[in-house]
Amino acid sequence: MAQSLPLPADTMVGSALPALSDPRSRLVRNVMLAFAGSLLLVLAAKVKVPLWPVPVTLQTLAILALGAAYGPRLGLATVALYLGYGLAGLPVFTNTPPMLAGPLYFAGPTGGFLIAALPAVAVAGWAAARGASLLRLVAGLVAADLAILGLGCLWLAFGAQMASGATGIGLTSAWAAGVQPFLIGEALKVALAASLVGAGWTLLKRRG
């Protein structure tokens, strides 16, 4: 596992933390980082504005920031750990409670948004590598955000199991309820994430 979760120097965390030669120490460090990141995702899920069927939360910002800081591999492991909490029944998702966590939660309206966090964090990690141009950074973060909105919208439209018993709410309704209200906020999150990435790399360069 230590070898599968490296911290290359082109990631913010890899540049900020000293290299460790001992495999056990690397493993402990990576597990701690993944655990801390998963807790950030839990917190971001609970900061919400309740809308139906998809609430406004800070999770997209957290996903972009984690990808930017951790890189694709550790970012993926962190998001997978968070999703694993929910699969195991822990109340880590935005609508738990009152809804119950577990595998069936992913069949609900927000399941597509949750699964989309996996490719999104990987894309954000790729975009934010050391030396990446501003164009690549912004384009990558936008692509990551669009992956969440797009996959989430498609699932809400055609696959989500609704409380009424219906499967999906149709593409027009999914766009109106699951994407359109979030566009301005998502643009702000991308801009904030890009600013944080730039500021982080600047501080690391000054540190030497």
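Rule-based calculations on the coordinates, nothing more; no lab input. Everything numeric here is computed off the predicted structure, so don't read it as measured data. Here Cβ is always computed from backbone atoms with ideal geometry, including for glycine, and neighbour counts include all displayed protein chains.
Details
- The length gained on full extension between Leu39 and Trp52, counted as 0.36 nm times the residue separation minus their Cα-Cα distance, comes to 2.2 nm.
- Sequence-ordered 3J(HN,Hα) estimates for the range 74-85 from the Karplus curve with 6.51, -1.76 and 1.60 and θ = phi - 60° stand at 5, x, 4, 4, 5, 5, 4, 5, 4, 5, x, 4 Hz, glycine and proline given as x.
- Mean silhouette area of the range 12-207, derived from the convex hull of its C-alpha atoms and averaged over all directions, reads 11.1 nm².
- At an R0 of 45 angstrom, the distance between the Cβ atoms of Ser173 and Ser25 translates into a FRET efficiency of 0.30.
- Built amide H within the under 5 Å cut-off of Gln161, gap 5+: Gly108, Gly168
- Debye intensity ratio I(q)/I(0), log10, the range 1-82, q values 0.16 Å⁻¹ (C-alpha model): -0.60
- For Leu90 and Leu146, the difference between the fully extended length at 0.36 nm per residue and the C-alpha to C-alpha distance is 17.4 nm.
- Value at 222 nm in deg cm²/dmol, rounded to 500, when DSSP H runs of n ≥ 4 in the chain each add -39,500 (n - 2.57): -22000 deg cm²/dmol
- Note on the range 12-207: with charges restricted to the Cβ of Lys and Arg (+1) and Asp and Glu (-1), its dipole about the Cα centre is near 700 debye.
- Residue among Leu66, Ile169, Ser25 farthest towards the positive dipole end of the range 12-207, charges placed on Cβ: Ser25
- Separation of the Ala163 and Arg206 label points, Cα + 7 Å toward Cβ, nm: 4.9
- Within a Gaussian network of the chain (alpha carbon springs, distance under 10 Å), most fluctuating of Leu40, Leu51, Leu137: Leu51
- The modelled label-to-label distance between Leu100 and Asp10, using points 7 Å beyond Cα along the C-beta direction, is 4.6 nm.
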